[in-house]
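Structure first, then comments.
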Amino acid sequence: MMGFDLIFGPSVERGPRNRRIYLTFDDGPNERATPAILDTLAEFRVPAAFFLVGDHVQRFPRLARRVVKEGHMVGNHTHNHVKLHFAGREQIRDQLEMANRAIECAAGRTPRAFRAPHGYRSPFLRSCATGRRGNPAPRPQTAAARRHRVTP
């Protein structure tokens, strides 16, 4: 562990050595960008991971459903895209739970991964994510990416 990892928990600085590429998209769904991204991915039959913002999912539920329907992984990117580095336990827990509920309701899939907005993490993030009420904890983005196999 290096530097802030001691306070904020581990982060991945290098990926697997098998030289796979994982495409990830944050901050969606977005009515202008997401359809074009999905069309391009479909054209080339490329899977990706979409880290969705709960508030955006509520505004564009059809796009969230389309992401799942087209076989892409969905992850939690908080409900309001808040920076978590100064957030307390309750705010972090609320952000994770609200986003999960929005994604589950709109897309019919429980997020299995989490990515912090702007990369800002909190010392409370890990305990909030693993101690959530009733839902499986979102796993770190790299663990989810390893499970999401790229098939041509």
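Annotation: amide H-H contacts under 5 Å for Phe60 (H modelled 1.01 Å from N, sequence separation of 5 or more, or interchain): none.
Placing +1 on the Cβ of every Lys and Arg and -1 on the Cβ of every Asp and Glu, with no other charges, gives segment 22-147 a dipole of roughly 440 debye about its Cα centre. For Ala48, the residues whose amide H sits under 5 Å from its own are Met73, ignoring neighbours fewer than 5 places away on the same chain, with H placed 1.01 Å from N.
Can you list residues from other chains, or at least 5 along the same chain, whose modelled amide H is less than 5 Å from the amide H of Phe114? Here the answer is Asn76, Arg139, Gln141, since their amide H atoms fall under 5 Å of that of Phe114.
A short reminder: the numbers here are calculations on the coordinates, not readings from a lab. Model, not experiment: these values are computed from the prediction. Counting neighbours? That spans all protein chains shown, and the Cβs are built from the backbone with ideal geometry, glycine included.
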